[in-house]
Structure formats: C-alpha cells, structure tokens
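So the structure is just underneath, and the comments pick up after that.
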Amino acid sequence: MKEYKKYYRLPATPEEVYIALTNPFTIELWTGEPAEMSVEPGSEFSMWDGSIVGKNLEFEENKKIVQQWYFDGQPDASVVTIKLHPDKNDTSIELKHTNIPDEAYEDISEGWDESYFGALAEFFSDRD
C-alpha cells in the first residue's frame, strides 16, 4: 500500500471549492458525469459514473473533507483527506490519500492531477 500527498492551488475561495467537492450538481458540472454526494457523515458517494465510490467520513464546512475510497468495490482502508486553506483570492489544497493499492497508485496519482484537480482548475478558470 502506498500514500500520495500533494498540494494544489485553485483560483476560487475555500467556500467555492467546498461546494464544488460536495454538491452533486456542481460535481456533475466539472466532471461531466452524474454524481451521488451528501455532506452527511456515513453516507455513500459515487463520482464519474461509479469509477470512484466510497463513504463520507467527516466534513468541516469550507475546510476539510475525509472520505474512505473503495477499490474494486471493497471497503479497504484507503482514506482521502482534503484540507482547504484560504490563500489571498485562491485556495491552497492539501491532499493526502493513504493505503492506495500498489497496482492502482499510478492511475490514482494521475487521476488526482488530471481528472480531479485538473478538471477543477479548468472549471474555475472558465468562470472569467
């Protein structure tokens, strides 16, 4: 099992980023796929038409999201923690993804950079 940790920066406020990560309608706007999401701890979620599924563990509005991600439909102990920090007019994001299966690590790290935070950066930059 591996761990992935990286910092990202988005041209939006922490409130805007939090909504983009937790509101199913907004998630659909930047992913292009239907999403199931709730800010209720213990609720299940699904993004990218079921490519990412898991359980929501903890929320701190506009500051932190903690989720358990399932691999191959199994509730392994893979945990994603996203912390949002205001930084002038932007948001600095601290991502930590633990217990990634070795065989999934490359896809996961690319996914964070391109599909997840890459798509979010494009979504927010298209607003201007």
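Counting other Cβ atoms within 10 Å of each Cβ, which trypsin sites (Lys or Arg not before Pro) in the range 24-118 have at most 16 and sit in a DSSP loop?
Of the trypsin sites (Lys or Arg not before Pro), the ones in loops of the range 24-118 whose Cβ has at most 16 other Cβ atoms within 10 Å are Lys63, Lys88.
Just how large is the dipole of the range 54-128 about the Cα centre, in debye to the nearest 20, putting +1 at every Lys and Arg Cβ and -1 at every Asp and Glu Cβ?
The dipole of the range 54-128 has a size of about 500 debye.
Karplus couplings for the range 58-69 from phi (6.51 cos²θ - 1.76 cosθ + 1.60, θ = phi - 60°), rounded to Hz, Gly and Pro as x?
In residue order, the calculated couplings are 7, 9, 10, 3, 6, 10, 8, 9, 10, 9, 9, 9 Hz.
Can you work out the FRET efficiency for the pair Glu40 and Asn62, with r the C-beta to C-beta distance and R0 = 25 Å, to the nearest 0.05?
Here the calculated transfer efficiency is 0.90.
Return the calculated 222 nm mean residue ellipticity for the chain, to the nearest 500 deg cm²/dmol, obtained by summing -39500 (n - 2.57) across DSSP H runs with n ≥ 4 and dividing by the residue count.
-7000 deg cm²/dmol
Taking the Cα centre of the range 2-125 as the origin, how large is its charge dipole in debye, to the nearest 20, when only Lys and Arg (+1) and Asp and Glu (-1) carry charge on their Cβ atoms?
540
Sorting His85, His97 on the 10 Å Cβ count, fewest up front, what's the list?
His85, His97
Which of the GluC sites (Glu not before Pro) found in the range 49-128 are in a DSSP loop and have at most 15 neighbouring Cβ atoms, other than their own, within 10 Å?
Filter output for the range 49-128: Glu61.
Can you compute the modelled spin-label distance between Glu94 and Ala77, with each label point 7 Å from Cα toward Cβ, in nm?
According to this spin-label approximation, the distance is 2.2 nm.
Which of the lysines could a cross-linker bridge to Lys6, judged by Cα under 21 Å and excluding same-chain residues fewer than eight apart?
Within the straight-line cut-off, Lys6 pairs with Lys63, Lys64, Lys83, Lys88, Lys96.
Under the rule of at least 5 residues apart or a separate chain, name every residue whose amide H is placed under 5 Å from the amide H of Leu57.
Gly42, Val66, Gln67, Gln68
For the range 2-125, with the dipole built from +1 on Lys and Arg beta-carbon atoms and -1 on Asp and Glu ones, taken about the Cα centre, which of Ser46, Leu21, Leu95 lies farthest toward the positive end?
Checking the options against the dipole of the range 2-125, the answer is Leu95.
Under a point spin-label approximation (7 Å from Cα along Cα-to-Cβ), what is the Met1-Glu103 distance to one decimal in nm?
It is 1.7 nm.
When averaged across all projection directions, what area in nm² does the alpha-carbon convex hull of the range 2-125 cover?
If I average the Cα hull's projected area over directions, I get 6.6 nm².
Any read-out appearing in this document is the output of simple, stated calculations on the displayed coordinates, not a laboratory observation. In this text, all values refer to a predicted model and were calculated from it rather than measured experimentally. Please note: Cβ atoms are built from the backbone with ideal geometry, for glycine as well, and neighbour counts cover all protein chains shown.
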